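Trainee: Have a look at this one before I ask anything.
The values are calculated or read from the model by the stated rules, or taken from the named source; none is laboratory data. Treat the numbers as computed from the prediction; the structure is a model and nothing was measured. Glycine gets a Cβ as well: all are built from the backbone with ideal geometry, and neighbour counts include every protein chain shown.
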Amino acid sequence: MSALDIQFINNSVHLPKLGLWLDAHDPITTAETVFISHAHSDHTAPHREVILSEPTSKFMFARIGGTRQEHILKFGQPATYEYNGTGYQITLVPAGHIFGSAMSLVEAEGQSLLYTGDFKLRPSRSAELCEPRPADILIMETTFGRPSYQFPPTDEVMQGVIRFCQQAIDNDETPVLYGYSLGKSQELLRSLGQAGLPIMLHAAVHKLTEIYKNFGQTFPDYELYDAATAHGKVLICPPHIAGTAMLRKLGKTRTAILTGWAVDPGCRYRYQCDAAFPISDHADFPDLIEMVKRVNPKKVYTLHGFAADFAQTLRELGYNAQALSQQEQFTLDLAAELKNKITKPRTKTKSTADNQTTAATNNGNGNNNHSNGSHSFQDFAQACATIAADSRKLEKVRILAEYFRLLQESAVPITATWLTGQPFPSSQNKTLNVGWAALRNALCGIDDLTPEAFHQIYLKHSDLGETAFEIFQTRAATLTPTLTVERVNELFHQLQAAAGSLAKLPLLLRALELCTPLEAKYLIKIITSDLRIGLKEGLVEEAIARAFDLPAEQVRQANLLLGDIGETARLAKRNELANIGIQPFRPVKSMLASPEESPTTVWDRIQSAHHERSGAGDGGPVPVWLEDKYDGIRCQLHKVNDRVALYSRDFKDITTTFLDLADAARHLPVDFILDGEILAMRGDRALPFSDLQKRLGRRQGDLFMQEEVPIKYVAFDLLWLNGENYVNHPLQQRREKLESLPSLPENFRLAQITQANSINEIANTFDQARERKNEGLMVKDPTSLYMPGRRSLAWLKLKMAYATLDCVVVGAEYGHGKRKSVLSDYTFAVRDENTDELKTIGKAYSGLTDIEIAQLTEHFLAKVIRQRGRFHEVEPDTVLEIAFDRIQPSNRHNSGLAMRFPRILRIRTDKSPAEIDTLATARQLVK
């Protein structure tokens with residue numbers, strides 16, 4: 001046996017003659033030694049004896065603790081060891097993956113082996129530069145071993161990340177960047193700090209960053225995460241934070257995943273983020289090829305990711321290559337096209353992101369109104385660019401007000417609507433239905449761009465508007481702005497009417513052919529409803545008020561009643577806002593309730609809000625009204641004579657879905673506008689929302705479904721009655737009028753009110769509502785006015801927070817669709833404290849990333865006890881934290897219980913199966 005003979009055991013590389021493991025996944029507690037390339041969790045375990053760099057030692061202790069015999073080596077300084085009479089020399093050299101990450105050069109009996117671990121050749125802001133060494137054998141990581149994985153220049157991608165964060169902050173959203181707490185987070189911190197952005201770090205990121213500083217690395221200012229002061233700052237946190245209570249406490253967020261997998265189309269949807277940026281600590285495909293060239297080995301072994309694909313690529317290039325971590329089918333197929341991709345030099349496209357405001361100024365024609373009464377779309381785009389470039393809210397309002405003043409009446413409602421990021425008013429229920437692929441095809445068609453070239457530009461921005469701006473730069477000097485606001489508005493109506501992408505594509509092409517770069521950018525941004533220039537609807541209201549010399553509150557109130565910022569702007573220009581009132585068949589925004597988590601806070605907040613509103617000072621407590629909070633669909637019901645319409649909270653007309661309600665309301669002898677909830681209800685018992693979902697999207701006349709899922713309209717407020725507006729009347733008066741309605745049909749009912757005079761009464765009524773299988777309580781001040789679209793302390797909602805249990809996975813099965821080849825559906829159990837047996841309690845498939853699922857698949861396939869079809873019974877060694885709505889009795893599982901709406905919050909690598917929750921704990925949560 002040669003000293004450098006290789007075995008691949010339990011997903012780990014073993015050199016048996018040297019007693020040396022390379023990044024062993026399972027703990028090695030024998031007399032053998034483990035080289036640890038870096039401190040990411042998939043490369044560490046509680047081994048007995050290890051070789052590693054000093055930073056990796058510190059990170060490893062911080063992450064998994066424990067004690068071990070450590071051989072800490074400096075980069076470039078060889079160390080000699082012996083195992084069973086065979087001596088060898090090992091030298092650590094920087095891998096460039098994260099700070100302290102190392103490749104190991106092993107030399108024995110006249111041969112050399114370079115093991116890379118995870119690596120990258122691109123320079124890093126917080127890690128050492130990779131230093132490959134020549135070797136006879138190369139064992140290399142190949143995570144991104146396909147030609148499609150080519151990352152754009154990091155600096156250009158970071159410009160997109162910075163712009164993403166600035167836009168979020170301008171829109172009063174908290175930007176949240178997901179990146180591994182060790183390595184990528186520190187790269188982000190360095191880059192974002194240079195842009196002057198205020199930064200907060202999740203506790204795990206903060207802890208590891210402090211270790212970086214102990215080694216002399218410097219970073220821009222940052223703070224430890226604090227929800228109370230996070231607004232207006234960038235939060236850097238690990239990906240497992242997605243969907244947790246921590247994130248929910250932040251309010252409005254805008255999230256981005258930073259990963260090499262962002263090269264894959266649709267990555268952001270898989271990670272359920274608003275954006276995905278291709279920033280990776282791994283080598284991309286060209287760098288993998290370059291690594292092989294620099295090492296110039298006689299034999300290459302590939303590991304992880306697309307190991308088999310990359311080994312095949314190397315064989316086609318003349319290298320002796322074999323995949324260690326995947327089985328291969330050795331073929332003689334020659335891929336000439338693949339070779340072209342490999343040998344094609346990587347080109348760098350000049351970034352244009354920093355020059356957009358200048359371009360906006362240079363491209364403008366300085367003439368807002370055309371001679372024929374139309375308005376320049378270039379000037380609209382220029383106004384947007386100028387607003388986006390200024391972070392001061394008052395200045396944004398001033399710029400927009402000046403723009404509005406220059407417009408004729410016909411253009412005011414159109415542009416005001418666009419400035420909220422929508423092509424049509426929400427009250428019109430119109431959508432363009434123009435998909436990402438159609439926009440890509442149109443943009444490629446303008447400049448004969450290949451999909452691959454388009455994708456490389458898109459990866460830098462993760463934004464179609466910014467992508468269009470860069471693509472159109474080559475045409476900037478040859479175009480004179482000719483597009484008008486009116487022509488673009490006509491385009492939107494044509495796109496809305498066109499059926500299918502084939503009919504929409506020519507319309508897009510004709511419009512884009514006329515676009516300057518700035519026009520293309522904002523045309524695409526409106527189509528994608530992603531304007532993002534830091535202009536909330538409230539600022540548009542202020543600009544309308546300033547432009548037409550009106551009180552801002554009058555404009556706000558008018559917009560709440562109209563539900564249409566464009567129509568509000570038009571009437572403001574005509575000075576006709578005073579005539580606006582609530583009208584049938586023009587839905588208004590629903591009054592909203594503020595959430596609270598305990599009866600005590602509910603009582604305190606509603607009392608203080610009441611006394612502040614009434615000026616009662618230290619007056620005594622006032623009673624509150626309690627209603628069950630239902631799990632249904634919020635709905636306004638409008639009725640005048642024989643005409644009836646039902647509107648959802650987003651103004652969609654849902655009348656044809658619930659014709660049985662409309663038909664019943666039509667026979668009432670009065671006219672009204674009601675606010676209420678549509679519920680699936682049998683008798684007096686509300687059914688689960690999953691039953692109501694069966695009715696959604698159904699066509700009219702589905703009598704069988706009406707019988708299978710009976711529904712009721714539960715009315716809790718009255719806004720208009722027989723021509724009189726009741727919005728400005730107290731809730732108590734509105735309720736009296738509601739109760740005065742003539743005999744209601746069988747499928748109508750009024751929400752039941754319970755009066756409470758203390759915290760205990762609220763708590764008791766909450767428990768009763770939960771026993772009725774409802775979500776919780778609505779708590780209302782009976783003296784409150786109806787405030788459309790506003791979240792008031794006069795209405796509060798008390799809803800049980802999601803509970804969680806730590807469970808152990810006992811079974812895994814293959815998923816469906818895109819997940820048909822991975823074990824993505826997990827059955828989990830709690831421990832019976834009396835018998836120590838594991839009792840199943842649920843099954844979940846949502847909450848984990850594709851990478852986590854791939855890692856678990858690899859793990860579970862090695863831990864299968866027995867297999868039954870798609871289902872794999874596995875060793876119970878993996879703990880998951882599961883969130884759920886409630887636990888209820890069920891015969892489906894041997895625990896006698898089942899979780900409602902379970903989802904995976906995170907993998908509990910910090911917990912062993914002995915620490916999972918018990919059956920008794922689960923029983924205490926039964927509702």
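Trainee: Looking only at the range 743-779, how many residues end up being assigned to a strand (DSSP E or B) and β-branched (Val, Ile, Thr)?
Mentor: Total satisfying the criteria: 2.
Trainee: Evaluate the range 504-521: report whether one residue or more is surrounded by 17 or more Cβ atoms within 10 Å (Cβ to Cβ) and closer than 26 Å to Leu258 by Cβ.
Mentor: yes
Trainee: Sticking with this one: Could you say whether any residue in the range 452-464 is under 30 Å from Ser648 (Cβ atoms) and not acidic (Asp, Glu)?
Mentor: Our first condition is that a residue be under 30 Å from Ser648 (Cβ atoms); within the range 452-464, this holds for 463-464.
Within this subset, residues satisfying the condition of being not acidic (Asp, Glu) are 464.
Yes, the range 452-464 contains at least one residue that is under 30 Å from Ser648 (Cβ atoms) and not acidic (Asp, Glu).
Trainee: Among the residues in the range 195-217, are any surrounded by fewer than 23 Cβ atoms within 10 Å (Cβ to Cβ), part of a helix (DSSP H, G or I) and under 17 Å from the mean Cα position of the chain (by Cα)?
Mentor: No, the range 195-217 has no match at all.
Trainee: Okay, moving on. Go through Leu483, Leu479, Leu509 for me and flag whichever is more than 29 Å from the chain's Cα centre (by Cα) and free of Cβ contacts under 8 Å to residues at least 40 places away in the same chain. Reasoning before the result, please.
Mentor: Details: Leu483 fails: free of Cβ contacts under 8 Å to residues at least 40 places away in the same chain; Leu509 fails: free of Cβ contacts under 8 Å to residues at least 40 places away in the same chain.
Matching residue, one of Leu483, Leu479, Leu509: Leu479.
Trainee: Could you count how many residues in the range 562-581 are surrounded by fewer than 20 Cβ atoms within 10 Å (Cβ to Cβ) and under 19 Å from Tyr647 (Cα atoms)?
Mentor: Here the count works out to 1.
Trainee: Now for a different question. Checking Arg133 against (1) assigned by TED's automatic domain parsing to the domain that holds Arg294; (2) closer than 18 Å to Arg254 by Cβ, which single condition isn't satisfied?
Mentor: Every listed condition holds for Arg133 apart from (2).
Trainee: Also, quick follow-up: Quick check: is even one residue across the range 864-871 touching a residue at least 60 places away in the same chain (Cβ under 8 Å) and in the same structural domain as Glu813 (by TED's automatic domain parsing)? Give the steps one after another, and end with the answer.
Mentor: From the range 864-871, those touching a residue at least 60 places away in the same chain (Cβ under 8 Å) are 871; that's our starting set.
From what is left, the residues that are in the same structural domain as Glu813 (by TED's automatic domain parsing) are 871.
Yes, the range 864-871 contains at least one residue that is touching a residue at least 60 places away in the same chain (Cβ under 8 Å) and in the same structural domain as Glu813 (by TED's automatic domain parsing).
Trainee: Looking only at the range 51-80, count every residue that is surrounded by 17 or more Cβ atoms within 10 Å (Cβ to Cβ), in contact (Cβ under 8 Å) with a residue 60 or more places away in the chain and of a type outside the set (D, E, K, R) and tell me the total.
Mentor: 2
Trainee: List the number of the failed condition for Asp806; all other conditions in (1) within 24 Å of Ala883 (Cα to Cα); (2) touching a Gly at 6+ places or on another chain (Cβ under 9 Å); (3) touching a residue at least 60 places away in the same chain (Cβ under 8 Å) hold.
Mentor: (2)
Trainee: Go through the range 838-881 and tell me which strands (runs of 3 or more DSSP E), entirely inside it, have 3 or more residues that are over 21 Å from Asn11 (Cα atoms).
Mentor: 838-844
Trainee: Another one. Considering only the range 271-304, how many residues are in contact (Cβ under 8 Å) with a residue 12 or more places away in the chain and surrounded by fewer than 18 Cβ atoms within 10 Å (Cβ to Cβ)?
Mentor: 6
Trainee: Test each condition in (1) modelled with pLDDT of 95 or more; (2) in a loop (DSSP other than H, G, I, E, B); (3) of a type outside the set (S, T, N, Q); (4) over 27 Å from the mean Cα position of the chain (by Cα) for His97 and report the one that comes out false.
Mentor: (4)
Trainee: Something else: Restricted to the range 809-867, and to residues that are of a type in the set (Gly, Ala, Ser), closer than 30 Å to Gly260 by Cβ and modelled with pLDDT of 85 or more, which residue is surrounded by the fewest Cβ atoms within 10 Å (Cβ to Cβ)?
Mentor: Taking the candidates together, the pick is Ala854.
Trainee: I'd like to check something: does the range 253-261 contain any residue that is surrounded by 15 or more Cβ atoms within 10 Å (Cβ to Cβ), among the basic types (Lys, Arg) and part of a strand (DSSP E or B)?
Mentor: Yes - at least one qualifying residue is present in the range 253-261.
Trainee: Can you find, within the range 660-675, the residue that is surrounded by the most Cβ atoms within 10 Å (Cβ to Cβ) among those that are in contact with a helix residue (DSSP H, G or I) (Cβ under 9 Å, 6 or more places away or on another chain) and in a helix (DSSP H, G or I)?
Mentor: Leu661
Trainee: Would you mention how many residues in the range 237-290 are over 18 Å from Met158 (Cβ atoms), of a type in the set (A, V, I, L, M, F, W, C) and modelled with pLDDT under 90?
Mentor: Within the range 237-290, residues that are over 18 Å from Met158 (Cβ atoms), of a type in the set (A, V, I, L, M, F, W, C) and modelled with pLDDT under 90 number 6.
Trainee: Specify the residue that is surrounded by the most Cβ atoms within 10 Å (Cβ to Cβ); the eligible residues are those in the range 619-648 that are more than 27 Å from Gln583 (Cβ to Cβ) and β-branched (Val, Ile, Thr).
Mentor: My answer is Val624.
Trainee: For the range 590-607, name all the residues that are under 33 Å from the mean Cα position of the chain (by Cα) and not β-branched (Val, Ile, Thr).
Mentor: Residues satisfying the conditions are Ser590, Met591, Leu592, Ala593, Ser594, Pro595, Glu596, Glu597, Ser598, Pro599, Arg605.
Trainee: I would also like to ask the following. Among the small types (Gly, Ala, Ser), more than 23 Å from Ala453 (Cα to Cα), in a loop (DSSP other than H, G, I, E, B) and in contact with a Pro (Cβ under 9 Å, 6 or more places away or on another chain): is that true of Ala135 in this structure?
Mentor: yes
Trainee: So Thr840 fits all but one of (1) within 23 Å of Ile64 (Cα to Cα); (2) touching a strand residue (DSSP E or B) at 6+ places or on another chain (Cβ under 9 Å); what number is the exception?
Mentor: (1)
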